[in-house]
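The values are calculated or read from the model by the stated rules, or taken from the named source; none is laboratory data. Since the structure is predicted, the reported quantities are computational estimates derived from the model, not experimental observations. Reconstructed Cβ throughout: ideal geometry from the backbone, glycine too, with neighbour counts over all protein chains shown. Surface areas here come from the heavy atoms of the whole protein model, side chains and all, with no ligands, DNA or RNA. Shrake-Rupley method; radii C 1.70, N 1.55, O 1.52, S 1.80 Å.
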Amino acid sequence: MQSLSVRRIVIMAIGSMLLSGCASSPTGNIEAFGSAATEVSTSIDSVISDYNQAVINNRLVAMAQSKRPYVAADFDDIKQIIIRDANKQELSLYQANKALGDYAKALVALARAGSREEIAISTSSLSKALLMMDSQHQLLLQKDSALTKDGAARIARVIAQLSSGYIESKKAKALKAIIIAADPAVQKIGLVINNQLLKGVIESRLYTMRGSELAGYFADYNAKSSSRSFVQKKQKLDEIYLKYVQMEATSASVKQAQSALLAVMKSHHLLKSELEKDNYSGTGVIEALKKIKANHTAFDSLETLIKNCGTEIIASDEQGIICKP
């Protein structure tokens, strides 16, 4: 099982070149936003995958703690977990995050497009991503569309006009119209992912499952301790400690995922507000991008968590070692 380390929630430094170098073109900061948001979506996808894998691993831990022999049929429970995780709602959470990531990728592609063919490809991807966002929002919440009818119509109109001929100024105006019209959908799908996926559910269950696995390692260590040399015991304790750190850092990891997502939502809204004023490269847009980067300080270990905590480090029986809210 891959680790849910916050390394995977980290947005690699957008960098001053991305923030300032791109600003020379009207679409440069839009491209920078799309790149950052794409990496956030990829990281959250890893969180989802890690959690689902942890559910399976939890079953394997329970099996390993028993002394009974096993046959292939004993994996039927795990097969059911796999089937359950493939149901419509579970798949919709994957698809909702994928739609957000595809939207961000399409913004990057459209901002970079330099020909009619490239525009056609990027606008097609953008349309599909927005439709997916809309359908997953309806499926998960059983509510109306994330996109307003007016917003959807405006985006369709802009895409049709843009596809008729390539002009750089037309592209910038099209991106402006798309981002303004798409903002309600981005905000709504972001809340769905955060509230239904990250908030509480993954954090608490993942910590408990990792605790069960750790208990098994300690039981095995204690059973064989008297027959091991100091070196052997130290090696085993080093391995167990890594599992312990992973467990204790669970909440910090998930909260970083939430922070990443919320930063993208806020930055998109800020970007939309600036574009409504025809401000493509002002300080507001640049600050929006910096907010994403600022929310992705790498917590590669408990030590770095302690160094970066702005309040107080506390030990929670339900969450592990956390930075006090």
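A few notes on this one:
- Considering segment 206-233, and only residues there that are among the basic types (K, R) and without any contact (Cβ under 8 Å) to a residue 60 or more places away in the chain, the residue that is farthest from A315 (Cα to Cα) turns out to be R228.
- Residue match in segment 48-66 (condition: under 30 Å from L175 (Cα atoms), open to solvent by 50 Å² or more (accessible area, probe 1.4 Å) and modelled with pLDDT of 75 or more): no
- Every listed requirement among (1) at pLDDT 80 or above; (2) in a helix (DSSP H, G or I); (3) exposed (fewer than 13 other Cβ atoms within 10 Å of the Cβ) is met by K307 save one, (1).
- Looking only at residues of segment 67-117 that are under 30 Å from N222 (Cβ atoms) and surrounded by 10 or more Cβ atoms within 10 Å (Cβ to Cβ), we find that the one that is modelled with the lowest pLDDT is I81.
- S273 vs. criteria of a type outside the set (D, E), farther than 25 Å from A36 by Cβ and modelled with pLDDT of 80 or more: no
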